[in-house]
1. Would you mention how many residues in the stretch A:48-77 are more than 7 Å from chain C (Cβ to nearest Cβ), without any contact (Cβ under 8 Å) to a residue 12 or more places away in the chain and either touching a helix residue (DSSP H, G or I) at 6+ places or on another chain (Cβ under 6 Å) or not hydrophobic (A, V, I, L, M, F, W, C) (or both)?
2. Any residue that is touching a Ser or Thr at 6+ places or on another chain (Cβ under 9 Å), within 8 Å of chain C (Cβ to nearest Cβ) and away from ligand 3 (no atom under 16 Å from the Cβ) - is there at least one of those in the stretch A:96-109?
3. Identify the single condition in (1) more than 30 Å from B:ASP477 (Cβ to Cβ); (2) more than 32 Å from the chain's Cα centre (by Cα); (3) assigned to a loop (DSSP other than H, G, I, E, B) that B:ARG41 does not satisfy, given that it satisfies every other one.
4. Could you list, in sequence order, all residues of the stretch B:384-409 that are more than 14 Å from chain A (Cβ to nearest Cβ), hydrophobic (A, V, I, L, M, F, W, C), more than 15 Å from ligand 1 (Cβ to nearest atom) and outside any helix (DSSP H, G or I)?
5. For the subset of the stretch B:159-183 comprising residues that are aliphatic (A, V, I, L, M) and more than 12 Å from every other protein chain (Cβ to nearest Cβ), which member is farthest from ligand 3 (Cβ to nearest atom)?
6. Give the residues of the stretch B:166-220 that are out of contact with any strand residue (DSSP E or B) (no Cβ under 9 Å at 6 or more places or on another chain) and surrounded by fewer than 24 Cβ atoms within 10 Å (Cβ to Cβ), sorted by residue number.
7. Restricting attention to the stretch C:236-276, which residues are among the small types (Gly, Ala, Ser), touching a residue at least 60 places away in the same chain (Cβ under 8 Å) and part of a loop (DSSP other than H, G, I, E, B)?
8. Could you count how many residues in the stretch B:139-182 are under 21 Å from B:ALA515 (Cβ atoms), within 15 Å of the chain's Cα centre (by Cα) and modelled with pLDDT of 95 or more?
Amino acid sequence: MTSLPESTEKKLGLVIDLDICVGCQACATSCKEWNTGGYSAPLSDHDPYGADPFGAWLNRVHSYEVGEGRGSKTVHFPRSCLHCEEPDCVTVCPTGASYKRVEDGIVLVNPDICIGCKLCSWACPYGAREYDVDDGVMKKCTLCVDRIYNETIPEEDRLPACVRACPTGARAFGDLGDPQSAVSKAVADRGGYGLLEEFGYKPVNRYLPPRTANSNTASTSVVAKSAEAIPKPDGSAIERLFAWADQALSR
Amino acid sequence: MPNQPVIDVNAPVGDNVAKTTCYMCACRCGIDVHLRDGKVRYIEGNRDHPVNQGVLCGKGSAGIMQHYSPARLRAPMKRVGPRGSGEFEEISWEEALSLATGWLGDVRKADPKRLAFFTGRDQSQSLTGLWAMQYGTPNFAAHGGFCSVNMAAGGLYTFGGAFWEFGDPDWELTKYFMLFGVAEDHASNPIKIGIGHLKGRGAKVVSVNPVRTGYNAVADEWVGIRPGTDGLFVGALIHELFRNQKIDLDYLVRYTNAPWLVIQDPGAADDGLFARGEDGEPIVFDKATGDFGSSMDVGTTPALTGVRKLADGRTARPVFELMAERFLSDEYSPEAVSSQTGVDAEQTRRIAAELAEVAFEQEVVLDQPWTDWAGRRHEKMIGRPVSMHAMRGVSAHSNGFQTCRMIHILQILLGSIDCPGGFRYKPPYPKQAPPWLLPHGALEDIRPDEPLGGPHLGFPLGPQHLLLDGDRPSRIDKGFTWDAPMSSHGLMHMVINNAAKKDPYGIEVLFMYMANMAWNSSMNVPGTLNNLTAKDDDGRYVIPKIIYSDAYYSEMVPYADLILPDTTYLERWDCISLLDRPISTAEMAADSIRHPVVKPDRDVRGFQEVLIDLGARLSLPAFTNEDGSPKYAGGYPDYMVNHERKPGIGPLAGWRGADGSKTGQGAPNPKQLERYIENGAFFAHELKPEQAYFKHANRDYLDWAVAMGFRMEPRPTIFQLYCEPVQAFRLAAEGHGLRQPPETHRERIRKHFDPLPFWYPPFEESMVKEGAYPLHAITQRPMHMYHSWGSQNAWLRQITTANRLYIHRSLGAKIGVVDDDWVWLRSHQGRVKCQVRLMDGVNPDTVWTWNAIGKRRGAWGLSDDSPESNQGFLLNHLISELLPEGGGGYRYSNSDPITGQAAWFDLRVAIEKADGIAETEPLFEATETGGLPPSPTELSYGAEFKGDRR
Amino acid sequence: MHPAYSVILFTTASGAGYGLMFWLCLGHALGLVPNSASMLFVSMALALLLITIGLISSTLHLGRPERAIGAFSQWRSSWLSREGVAAVATYIPSGLLALIWLLGMETSWTVPLAVLAAAGAVVTVYCTGMIYASLRTIRQWYLGLVPMVYLSLAAATGALLLGFVMAVFGYVPSWVAALTLVTLAASAALKVHYWNVIDADPGKYTAEMATGLGSPGQVRQLDPPHTQANFVMREMGYAVARKHAEKLRQAVLFALFAGPAVMMLIVLFFGWAAAFFYLLAIGMTAFGVLIERWLFFAEADHVVTLYYGASRA
Ligand SMILES: Nc1nc2c(c(=O)[nH]1)N[C@H]1C(S)=C(S)[C@@H](COP(=O)(O)OP(=O)(O)OC[C@H]3O[C@@H](n4cnc5c(=O)[nH]c(N)nc54)[C@H](O)[C@@H]3O)O[C@H]1N2
Ligand SMILES: Nc1nc2c(c(=O)[nH]1)N[C@H]1C(S)=C(S)[C@@H](COP(=O)(O)OP(=O)(O)OC[C@H]3O[C@@H](n4cnc5c(=O)[nH]c(N)nc54)[C@H](O)[C@@H]3O)O[C@H]1N2
Ligand code: SF4
Ligand code: SF4
Ligand code: SF4
Ligand code: SF4
Ligand code: SF4
Ligand SMILES: [Mo]
């Protein structure tokens, strides 16, 4: 089963809008909270109150600076498993614990047979696999498989925990294999991209790039029109203002 | 599927969901707490809740680890070692309460002001304030004085509302949004939701902030301003608007005091006050009649310009003229300010032009008729879709009050307060500008065993309202004195310092709640620790008794004599009241409760519960029946339901009246709390569309606000471009009136109490030796940590285990450091050693760090070698609570001269590369941990829920 | 990559074991090794011991060693699984040989068994090499050279061991010393070549590609997700300083090649105290191969480091 399916019926994944993400860490902690008691339970924490705490997290938020000076940007950058279409993290697994689901493309680890050899984590270029030192098995983003189909949860909440929590709405979930899905459309509209496509694992998750400054509609029109409208400074400003303000104005 | 394991995707989340209110921070979102076998399985946002609409932030989502923190206090404790040692003995509640009652009772009998009761991250100020009032001490305030009083006072004196949490941009309609000095703010989730909407809609977001992270990172334009100079930048924007005649004259005439006439008679006792008619109302010059008219007469056509001769022969000029003169002066031209602000003139001019363009060429028109306060019907609501929000980047400077006023004035000039697309009030705001509420606690009001005449905190209109007896301050923090005349939230940051110096007097009991004053909420931490442990000649502590309520083993705990351990937020009743800091949105008035969803497994009690108990034990009238029995035998829930501030008005506004049918005013309803719980722990009353905008002048809204008890009468709120109370203080400094400032204070008041906002350099910057401290040092709140609380949270602390000092890459190159190198940072107060991180997105003259990550060894259940205490650092060690000695030898508090707001961000520093061991300095010795058991070395939370995987 | 001692021990010890097994069996099949049952047994036992120590140490590296049996199931796609299968399969002929030699049985089965065991040894070591060589995430590993290096080092260390055991039993045929010399030289040459290859390749992936953020310019890490190193950084983020690595490479070349080569020459030309010199050479080689393996990990850059501050990998 470590052999990858020829194709999957759906390509479920996440779309993350880097133009909106403020780096608040809600997706990271809500993921930890859901999953520490969910399918992957527990996500252990080593030395939680000591000098060198580290725990298993399925979603982490990086921050980067890009470019220099005026044109530079700060970008907050959440990263979890991208549920690649052709990932070696599945094929290298000696036990079959790591697999890609035929029905939806979710890449999962079966925590009951994983031997914790960590090879899959070596094969993942995205750092999306987290070994749980205390539990002895590999953990990873499950796309909240125990939420998205969970009939005991109200339908509107059958979303990954991180998507449900994200306060800015920077995360969306859906079928990226269906060009008509909302996520696919957003990707098409905004030039969404996959990470390190050059590598060839065909990641499913997509990132929407930060908009280049002032590219949005309101501001371009604003800038264009008003730039020429800026009058040059001139000494009589106060008289002109008063004359103008002197128009009869009733209340 | 062949070969794929079958997994159970239908495992129920928990066996029970309880809806309550988050308190991982003061935003107070609605949460659904999923419980399994009595343990917390998962916390998610309540979709119906007005505050968070279902989302949950990084802190809220880590609630489990807060609730099960190893630093939770377990039982009341009595200090047994010396103060600061952390040696305690656990005692019973009965012993704790009788001890407290004894101490407090003695003081109340002798001299109630010898109790100072100050609360930190308090959300129950209507109760704590009432308690202090009943006790009779003038010494009460919450954290507002070091937090945001510049924003509160700046806004309330100007337009009866405020940034902070009393108003919001119109997230749905704004097209141009300016954010000044905000990293996170109290409205944590609402701002995030709002920014998401703005960006999604393609509105433009402009951030004015020395640092480009978080919200400022997603802004479409970043203005990397030099700290403390926002007043110049905003002044230049106003300059440009005036110069280009891009202001909403109509709006100014209708809603502001722009046409009001100001007496121009230098040297006279009423110079700079409004010229008033016989009815006491300010007057305007009516162009229609060519005569003076009342400012409240809607029939006039008031002149905005022109020098007028008053009946007594003196001259008067309209506010508008004075204001235009100020901001059109060359001092505020974009070119003139640019070297100070670091913002180039071209950028400033363009932003001003964009503001004008959006406000006037892209107006939003809602087909929504409404009626103004004078009864006139308007067919449409016309909006200027420009809005602004500002917080501590403006507030925490000693020029913050004036700068805050300037930002509001910018919004007002654009006509964008409470219009579609503009800045919107949240009920119960707007209040009058300023609110009709005076401070209480003058010395003559303080009597043994008697309550105070009224609430402590208010809005003085002039020297007559100061709490002074001659030159003697009545309050221990010197609030409402010449040091800080309009200190509407008190000066919590001065309490310990003043008490230890017995200036203005010594106290007997310091009673604190939820404030980590021995660490991150103090300026000059080492000095504060000395003050807390200072002894008199007789060997008695100068502050003889300290009672403290905390829920966790914070740095403050070891410095108290008696600890009243609080519950966690999932274990207690709480009341988030419209009488306090409500959770309303611009569309609805709302309040909420917290109720116990998990049973405490320790001997702890909710602080409010304890306070009510103490109130009864002390026989405070509001907490005691005629027969001396406790009035709220049922504790806090009993109080929440049955307490009435005025007949019909209580802590909670929803489901009042015996049958629960009344809103706002109505008799207590015994089933009120049940109704709240049924509704998800909150109550929300939606405004009608015709009430939703122009609330300051909207008759339907004003009438409703009166009915709800928010306002006394349906008079409109008139925006005070010109702030007369400020002038009243200045006149005193110029030698008028019965109450005048002492010589030491005259010049300072004369200079800074300008009724029209202006910019002046922050104090520290102008007082330290030029060039000696060339850099600004500021802090930001990390979105995933709430002050000091976050570090005990096993999940949150992994995200930031130690803070770095972020510096510009050019500065790094200059002093020869790379990422993670150690540097010394020095101020006039002291020095700290810390590790740097280089970045591009910071003003080159500024260094910054995350607030409150540095911890003291011994606290928070962390091991002594934790990075928080050994690599992390606190900037507070460098921040002095007093300014350097100025002329006259007086050391003012490091605060805004008007409001007393602590000027955290005025800090100036020098930096140099450090050698030696890779460890922070100063490194305080570890305290004992009060007998708390050691923290676990491994956590597998949730393993117990694993059973049903397949 | 973090150099885990268990994995270093596993690959070096089992490599030497398989190398010994290979030469022993080949020598036996070709009739080059004296037919002394005790020597044959001791050699095979030593090989199996090293292999078993290696395998045990590799299971200790597992989070759930008790489930290790599951690792044989995915030989269709996983080199790790193939290695396991090959290792177990190799135990059968080699174990039978050991048994036969222990019991001193005379049978013609030993030759085909020896051929099978020798082949198993090659396949197993090749699989080990391929576990690394198949990882596209690590450019220093994703090379056809890697299994060659593994095979050559196994051959060299195995030859040394064989020479030693035979010397202890009093046999000092020069072909063994010569073989050792040749395999040592071959592995040194391969290793130098390997280093040249990895030094010449700056890595084709960049932080800009990894984040997709390249358009405004260079990508720099501002803050890692967590202050302290997380699993990914502990496992994949280990990096050795260039200067340090350079010294270690020289040490490897000395300990792995120059030193033992001198010993072999002594044995070859002077025939002095062969067992002693073999032992000395083994000591040096062991040291060399341990450092070589340590470097193999420490010098390997994982693509994931691009997310944690590396600009190329
Ligand atoms: N350098 C610098 N210093 C600053 C600031 C800054 O920006 N820079 N900001 C200032 C500002 S605005 C503020 S408001 C202050 C905040 O400073 P503090 O008010 O001191 O805030 P906290 O650190 O949250 O400490 C509050 C205390 O409440 C305790 N607590 C938490 N939950 C509960 C509970 O449920 N019950 C009880 N009884 N106690 C509880 C915590 O354990 C902690 O000891 O910091 C100020 N200090
Ligand atoms: N997550 C989280 N949320 C919190 C808190 C918390 O501790 N953690 N604390 C709560 C409390 S008590 C408060 S008071 C609020 C405060 O919330 P904020 O007002 O967001 O407070 P700070 O994080 O101090 O942010 C101050 C911002 O101002 C910028 N700044 C500093 N000086 C200047 C200046 O001169 N001009 C300009 N334009 N910007 C400047 C800083 O770079 C920083 O971004 O947050 C509340 N919410
Ligand atoms: S929750 Fe949303 S905004 Fe916050 S870090 Fe995650 S993606 Fe970004
Ligand atoms: S992101 Fe990593 S773990 Fe996830 S499917 Fe791709 S390679 Fe595998
Ligand atoms: S760690 Fe587990 S899932 Fe990963 S390769 Fe090894 S057995 Fe497979
Ligand atoms: S989909 Fe679920 S498991 Fe994956 S990152 Fe989001 S919350 Fe975590
Ligand atoms: S913003 Fe504050 S109240 Fe809301 S979820 Fe986060 S921590 Fe809780
Ligand atoms: Mo605050």
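1. 5
2. As a first pass, look at the stretch A:96-109 and keep what is touching a Ser or Thr at 6+ places or on another chain (Cβ under 9 Å): A:96-109.
Within this subset, residues satisfying the condition of being within 8 Å of chain C (Cβ to nearest Cβ) are A:96-97.
Subsequent filtering for residues that are away from ligand 3 (no atom under 16 Å from the Cβ) retains A:96-97.
Yes, the stretch A:96-109 contains a residue that is touching a Ser or Thr at 6+ places or on another chain (Cβ under 9 Å), within 8 Å of chain C (Cβ to nearest Cβ) and away from ligand 3 (no atom under 16 Å from the Cβ).
3. With respect to (1) more than 30 Å from B:ASP477 (Cβ to Cβ); (2) more than 32 Å from the chain's Cα centre (by Cα); (3) assigned to a loop (DSSP other than H, G, I, E, B), B:ARG41 is out only on (3).
4. B:MET388 - this is the single residue of the stretch B:384-409 that is more than 14 Å from chain A (Cβ to nearest Cβ), hydrophobic (A, V, I, L, M, F, W, C), more than 15 Å from ligand 1 (Cβ to nearest atom) and outside any helix (DSSP H, G or I).
5. Within the stretch B:159-183, the subset aliphatic (A, V, I, L, M) is B:162, B:173, B:178-179, B:182-183.
Now restrict to residues that are more than 12 Å from every other protein chain (Cβ to nearest Cβ): B:162, B:178.
On the way: B:ALA162: 26, B:MET178: 21 Å.
If we take residues in the stretch B:159-183 being aliphatic (A, V, I, L, M) and more than 12 Å from every other protein chain (Cβ to nearest Cβ), then B:ALA162 is farthest from ligand 3 (Cβ to nearest atom).
6. Those that are out of contact with any strand residue (DSSP E or B) (no Cβ under 9 Å at 6 or more places or on another chain) and surrounded by fewer than 24 Cβ atoms within 10 Å (Cβ to Cβ): B:GLU172, B:HIS186, B:ILE193, B:HIS197, B:ARG201, B:GLY202.
7. The first filter runs over the stretch C:236-276 and keeps only residues among the small types (Gly, Ala, Ser), leaving C:237, C:239, C:241, C:245, C:251, C:255, C:258-259, C:261, C:271, C:273-275.
Cutting the leftovers down to touching a residue at least 60 places away in the same chain (Cβ under 8 Å) gives us C:237, C:239, C:261, C:271, C:274-275.
Passing the criteria: C:GLY237, C:ALA239, C:GLY271.
8. Step one: of the stretch B:139-182, the residues under 21 Å from B:ALA515 (Cβ atoms) are B:139-153, B:164-165.
In the following step, the residues that additionally are within 15 Å of the chain's Cα centre (by Cα) were identified as B:141-153, B:164-165.
Cutting the leftovers down to modelled with pLDDT of 95 or more gives us B:141, B:149-153.
Residues in the stretch B:139-182 being under 21 Å from B:ALA515 (Cβ atoms), within 15 Å of the chain's Cα centre (by Cα) and modelled with pLDDT of 95 or more: 6 in total.
The values are calculated or read from the model by the stated rules, or taken from the named source; none is laboratory data. This is a predicted model, so every value here is computed, not measured. Every residue, glycine as well, gets a Cβ built from its backbone with ideal geometry; the counts of neighbours run over all protein chains shown.
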